[in-house]
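Just below is one structure, and these are the notes that go with it.
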Amino acid sequence: MRIIFFIFFAALRLSIFGQNQDILKFVHYNLLYFGATSTTCNGSSNSLSAKKENLATIMEYLKPDIFTVNEIGPGEFLFDEILSGALNTNGEKKYKAANPAINSNLGNMLFYNGNKLKLLAQEEIRNELLSDGTFRGPNIVRLVDVYTLYYRDSVALQREDTTKLHVLVVHLKAGNTTWNKQDRYEAAKAIMKFVELKKTKRDNWFLAGDFNIQSSKEEAYQTLTLNEMQGISFVDPMGSPGNWNNNNLYSNLHTQSTRSSNTNGGCFSGGGLDDRFDFILVGNEVMKGDFGVKYIAQSYRSVGNNGALFNQSIDVSSNNSVPTDVKNALYKLSDHLPVQADFTVQKAKLDLKQVPQKAPSVLVSNPVHFVLNIRMDGKQLESKVLLYNYLGQLTKRFVIPAKEKFFQINVSDCPKGLYTMHIRSGQTLQSKKIMMLHQR
């Protein structure tokens, strides 16, 4: 069966690449107190060095392009522990991390394949977002992190028409009391209000995280997936509504717990696989492939779950859904399993009728003191210039007229710091790094 599965997806990949498409592998994982401590999880029961080693084994197997996580402890060094110790191993340098933002003792984070993607913006959802950009009311229990990525397609970049992906990472309140469910519902409402105000016609939306819910009937899940607000809702790629908790009818979807009895002194949950807490939901537009990104049917899986482990530990000998070393690493690292979904991304087509153009030579004053001086040498068309700050946020745009050899513009409205300048002339695109100092 595994051989047939491999042949099927190998053929699928050949078909996809032949159609000017790429594949993005999306993985979400609750890392269980990665670098954080509690009364039961500490350096002995939940060793950081061991977790990093096990995560490296899992990442080498999965090779995600987008990797979102829950439960990273406080301390920016932990992001680098994952980057250098689990992702960029064996001389690899392609993986990048979003900007550090510790919202709690157990935070979220996004890592991505820098060869395919680039971080454009990063935000937080604290409560209900208003149309003026402010938030109303008390904070939700756990903040939601929002990351905007774009696909690095050179042709699309020249046209300023890149494929964007908005990724929301959540860790909803745990527990089964009425108050716990209300906390999750308040977070879901805040998420949908944010999406309503931010959504534009050409957006691809993803919502990943540990939802801590037991049934599709819970208000939080209903709000996310059945919301009719301007046609906005998220879709569960598995399409399996029901009561997932302790129900063997949904054993293939369960993500917790990886262990049946040995809980390392209570650090890990026990009882075996019987809960579906971890999800990757996608917007309707992604299911249909409206804006360049499309879900690959039947690619969603609970990694390490062979579908026949109800109330069992995942390390049983009969579980051959992943290689043995990966199975053991999943067992040791967390009491959750990662979830994976794959997507195609459509590449822009180069217009072969256009004659290739030679990029003009661009010289810029550097560092910049209030005024940016630009010199354009060679045959020069009208050039569009975009300035991005170190966070990847667009801060200024302007146009250099055709045949303008020397150009000056006041940039005193741009804060001090490192910037990337993109200069598009016809079908050519160049980038320059500049430093704003604003000193006489």
Practice problem: Find the cysteines in the chain that fail to meet the 4.7 Å Cβ criterion with every other cysteine, and list them. | Solution: Cys414
Quiz item: Ser216 to Thr177: FRET efficiency via 1/(1 + (r/R0)^6), r the Cβ-Cβ distance, R0 22 Å, to the nearest 0.05?
Solution: 0.70
Quiz prompt | Pairwise centroid distance, computed over Cα atoms, of the range 376-407 with the range 58-125, Å | solution = 32
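Tell me, what % of the accessible area of the range 66-129 is carbon and sulfur with a 1.4 angstrom probe?
44
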Quiz item: Once you list every other residue whose beta carbon is under 15 Å from the beta carbon of Asn108, what net charge do they have if Lys and Arg are +1 and Asp and Glu are -1?
Solution: -4
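State, to one decimal in nm², a quarter of the convex hull surface area for the C-alpha atoms of the chain, i.e. the direction-averaged projected area.
Averaged projected area of the chain's Cα convex hull equals 24.0 nm².
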Quiz item: Averaged per residue, what accessible area in Å² does the range 389-429 show with a 1.4 Å probe, protein chains only?
Solution: 58
Quiz prompt | Range in the chain, longest, excluding exposed GluC sites (Glu not before Pro) [loop by DSSP; at most 16 other beta-carbon atoms within 10 Å] | solution = 229-381
Self-check item: Carbon/sulfur fraction of accessible area - the range 172-309, other protein chains in place, 1.4 Å, %
Solution: 46
Practice problem: Return the percentage of antiparallel bridges among DSSP beta bridges fully within the chain, rounded to the nearest 5 %. | Solution: 85
Self-check item: Long-range amide H partners of Asn30 with built H, under 5 Å
Solution: Asn70
Exercise. Tell me the trypsin sites (Lys or Arg not before Pro) within the range 201-310 that lie in a loop according to DSSP and have at most 14 other beta-carbon atoms within 10 Å.
Key: Lys201, Arg202, Lys217
Quiz prompt | Within the chain, longest stretch free of exposed chymotrypsin sites (Phe, Trp or Tyr not before Pro) [DSSP loop, at most 15 other beta carbons within 10 Å] | solution = 1-369
Self-check item: Placed amide H near Ile409: partners under 5 Å, 5+ positions off or other chain
Solution: Leu372
Quiz prompt | Cβ-defined net charge surrounding Val385, 9 Å radius [Lys, Arg +1; Asp, Glu -1] | solution = +4
Quiz item: Between Asp413 and Ile232, what FRET efficiency follows from the Cβ-Cβ distance if R0 is 35 Å, with the result rounded to 0.05?
Solution: 0.55
Practice problem: Could you work out the relative contact order of the chain, using alpha carbon pairs under 8 angstrom and six or more residues apart, expressed as a whole percent? | Solution: 14
Practice problem: Tell me the label-point distance for the pair Phe406, Asn311, using the 7 Å Cα-to-Cβ offset, in nm and rounded to one decimal. | Solution: 8.4
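The values are calculated or read from the model by the stated rules, or taken from the named source; none is laboratory data. On a predicted model such as this, the values are computed, not experimentally measured, just so you know. Reconstructed Cβ throughout: ideal geometry from the backbone, glycine too, with neighbour counts over all protein chains shown. We work out accessible area using only protein heavy atoms, side chains counted, and drop any ligands, DNA or RNA first. Shrake-Rupley method; radii C 1.70, N 1.55, O 1.52, S 1.80 Å.
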